[in-house]
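Below is one structure; the comments refer to it alone.
The values are calculated or read from the model by the stated rules, or taken from the named source; none is laboratory data. The structure displayed is predicted, hence computed values, not measured ones. Glycine gets a Cβ as well: all are built from the backbone with ideal geometry, and neighbour counts include every protein chain shown. Calculation scope for accessible area: heavy atoms of the full protein, side chains included, ligands and nucleic acids excluded. Shrake-Rupley method; radii C 1.70, N 1.55, O 1.52, S 1.80 Å.
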Amino acid sequence: MSEQFTQVALQAALDERPFRFFRRVSSTQNIAREWAMSNPDINGAVVITEEQTEGRGRQGRVWHSPPGSSVMCSVVLRPDVAAEALPRVTLAGGLAVVDAFPTDLQHDTALKWPNDVFIRGRKVSGVLAEAVWSGDQLQAVIMGIGINVRVDFSGTGLEGIAANLETEWGQPVDRAALLATTLDRVDYWVAQLDDPALMDSYRAKLGTLGKRVQVYVNISSDDNTETFRGRAEALDDDGALLVRLDSGELRRVVAADVGLAEE
Ligand code: BTN
């Protein structure tokens, strides 16, 4: 299947959910943010595209997929949470993506803190949650989701690191249905931000716990990164990762990149 999204197919899949579909945009994050700012009533509305010229991931990385090969969307959310609990919104996004994957793949699917979805050790999806503030008032969270469905990574630096849902599953994936289920699961988990079930479900899927990790913390707006190693010991209730350093110190990591390190 290499068909492109159409307005009609998306309308059928998304039913009552407000959406905007563009063949090509800078980033769905930008469009969703503008939509959220100009329309304070929308909640759960989604921007979808086939191509981004400035698609972005966490830590300033680029996110690029050719048309027809992935799900790329940004959802406008209005979560009622305190600032310190905002990381839980990101975690809700990762869980929603996992839930939307076929049942046969669930056993091979894991989350890498905070927001990457892996199948058999390779990344299939990433979630980017960006808060929109007006002074100290949270206006919205724009949750961007990218899912590789049939992206050709051969010959790129991502070969061996990234994977596709269709290849891993061995069956054609209906992207509009995958999108609709993912968004329904986003609604579900964002409504449970204060429920311990969210963190319990997230911990159960987290492949990082108990492992030795290398942590990369972006410490300023330039490219300065602090790195340290330790064992990922636990996840606290606000979604921060607790890493035990070799010195015995326990560090609370709120925003960082975490890779597995040698044992
Ligand atoms: C990550 O893995 O670091 C997060 C990737 C998020 C990518 C999606 S694609 C749709 C939305 N628009 C963007 O520019 N980024 C997100």
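Could you point to the residue in 197, 39, 171 farthest towards the positive end of the chain's charge dipole, with +1 and -1 charges on the Cβ of Lys/Arg and Asp/Glu respectively? Result: 171, furthest along the dipole toward the positive end. Entry note, the chain: the mean residue ellipticity at 222 nm calculated from DSSP H runs of n ≥ 4, each adding -39500 (n - 2.57), is -7500 deg cm²/dmol after division by the residues and rounding to the nearest 500. In the chain, Rg over Rh equals 0.95, where Rg is the alpha-carbon radius of gyration and Rh the Kirkwood radius from pairwise Cα distances. Of the accessible area of the chain, computed with a 1.4 Å probe over protein heavy atoms only, carbon and sulfur atoms account for 48 percent. Residues in the stretch 7-205 average 43 Å² of solvent-accessible surface per residue, probe 1.4 Å, ligands and nucleic acids excluded. Accessible surface area normalised per residue over the stretch 212-260 is 55 Å², counting heavy atoms of protein chains with a 1.4 Å rolling probe. The C-alpha atoms of the chain define a longest principal axis, and helix 87-100 lies at about 60 degrees to it.
Think of the stretch 81-161 as a dipole: +1 on every Lys or Arg Cβ, -1 on every Asp or Glu Cβ, centred on the Cα centre; then among 94, 149, 126, 149 lies furthest on the positive end. Taking packing as the residue-averaged number of other Cβ atoms within 10 angstrom, the listed peptides 45-51, 21-27 run from highest to lowest as 45-51, 21-27. Across the stretch 171-177, coupling constants 3J(HN,Hα) worked out from phi with the 6.51/-1.76/1.60 Karplus curve, θ = phi - 60°, read 9, x, 10, 7, 5, 5, 5 Hz, and Gly and Pro carry x.
Each of 73, 225, 138 was placed along the dipole of the chain (beta-carbon charges, centred on the mean Cα), and the one lying farthest toward the positive end is 225.
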